[in-house]
Amino acid sequence: MAGIVAISASLCVLTGVGAGIGISVATSKAVDAVARQPEAADKIRNIMVLGAALAEATAIYGFVIALLMVLLK
């Protein structure tokens, strides 16, 4: 039973990988957008930070679920 919990918890932690990829793609697109329109840098930055925060929240949720699975087995 402990092996199954460990495998499922490790899959939950993989949400961090998805969040990291999502944040890096969003940052890349934001840099491209600022390069095209430097006058819109403030708006682009605000939207990018909001999107990064939402993506990071999903990673934190996955980490919390993994901790709960391991500690409450």
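Computed from the coordinates by the stated procedures, all read-outs in this text should not be read as laboratory data. Note that this is a predicted model, so its numbers are computed, not measured. Ideal geometry is used to build each Cβ from the backbone, glycine not excepted, and the neighbour counts take in all protein chains shown.
Before moving on, here are some points about what is shown:
- Modelled spin-label separation between residue 68 and residue 2, with each label point placed 7 Å from Cα along the Cα-to-Cβ direction: 2.3 nm.
- At R0 = 22 Å, FRET efficiency that the Cβ-Cβ distance of residue 35 and residue 58 yields, to 0.05: 0.20
- Angle in degrees between helix 15-36 and the longest Cα principal axis of the chain, rounded to the nearest 10: 0
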